[in-house]
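The values are calculated or read from the model by the stated rules, or taken from the named source; none is laboratory data. Computed from a predicted model, the values in this text were never measured in an experiment. Methodologically, a virtual Cβ is constructed for each residue, glycine included, from the backbone with ideal geometry; neighbour enumeration extends over all protein chains shown.
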Amino acid sequence: MKHLPNALTIVRILVTPVVLILLYGNALPGIAIALVLFLIAAASDYLDGKIARKFEVRSELGQALDPLADKVLVLGTFVMLCVLVPEFVPWWGVALIGLRDISVTWLRSHSPTSGRGGFTLPVAKGKTAAQIVYLSGILTLLTFEKLEGAAGAWARWILDTPIPLAAFLLIVAFTLWTGWIYLFRKKHPGKGKDAAQA
């Protein structure tokens, strides 16, 4: 049990390239499998944290790997969607999301005594959750779009509306807002796995 949280985190990192390759094929079976793997990987983020807290098996390795795994999964999927459906996920929005994460990570690693390192904020955790919900929704729509019948018609109707792009713009704005709060907040150190996420 001691190593299970880190094992789940590593699996999440290893699953990400599989998800991206399947998405790139842009075929129904591949996209459907990618959606399932993405949801499993996202769920593992919650599970490894819960196990680490319940059995008190937090480690420095886990605190470093967990946010990395989140960023690899989320940013990797955003980049692939930028390639597949740029009308919903424009490159400049993905670039802003990536820039926010890089900036916050750099600040955390270079300011260990500034009162800004080693903590997280509820909005930062909410940011990751919102991104995962958005990505799950888009992947679901792209899967259903390739189906016949009512499910396919419904997905195509949604994708033909401004809703996917509008939702993405809200995600970008929320992501940048959490970065702004992080950069200019007052000193408030955290601890444990949750403190490792940003």
Scope the stretch 140-150; condition surrounded by fewer than 22 Cβ atoms within 10 Å (Cβ to Cβ) and in a helix (DSSP H, G or I); matching residues: THR140, LEU141, THR143, GLU145, GLY149, ALA150
Pair list, Cβ < 8 Å and 6+ apart or interchain, from the stretch 133-147 residues that are over 16 Å from LEU75 (Cα atoms) and touching a residue at least 60 places away in the same chain (Cβ under 8 Å) to residues that are assigned to a loop (DSSP other than H, G, I, E, B) and not β-branched (Val, Ile, Thr): LYS146/ALA27
Given (1) at pLDDT below 70; (2) surrounded by 21 or more Cβ atoms within 10 Å (Cβ to Cβ), index of the condition ARG12 fails: (1)
Residue within the stretch 105-126 that is modelled with pLDDT of 80 or more, part of a loop (DSSP other than H, G, I, E, B) and of a type in the set (Phe, Trp, Tyr) present: no
Residues (part of a helix (DSSP H, G or I) and either modelled with pLDDT of 95 or more or acidic (Asp, Glu) (or both)) located in the stretch 56-69: GLU60, ASP66
Verdict on VAL72 being among the β-branched types (Val, Ile, Thr), over 21 Å from GLY137 (Cα atoms), modelled with pLDDT of 75 or more and out of contact with any strand residue (DSSP E or B) (no Cβ under 6 Å at 6 or more places or on another chain): no
When residues of the stretch 126-139 are limited to those that are of a type in the set (Ser, Thr, Tyr) and more than 8 Å from the chain's Cα centre (by Cα), the one surrounded by the fewest Cβ atoms within 10 Å (Cβ to Cβ): SER136
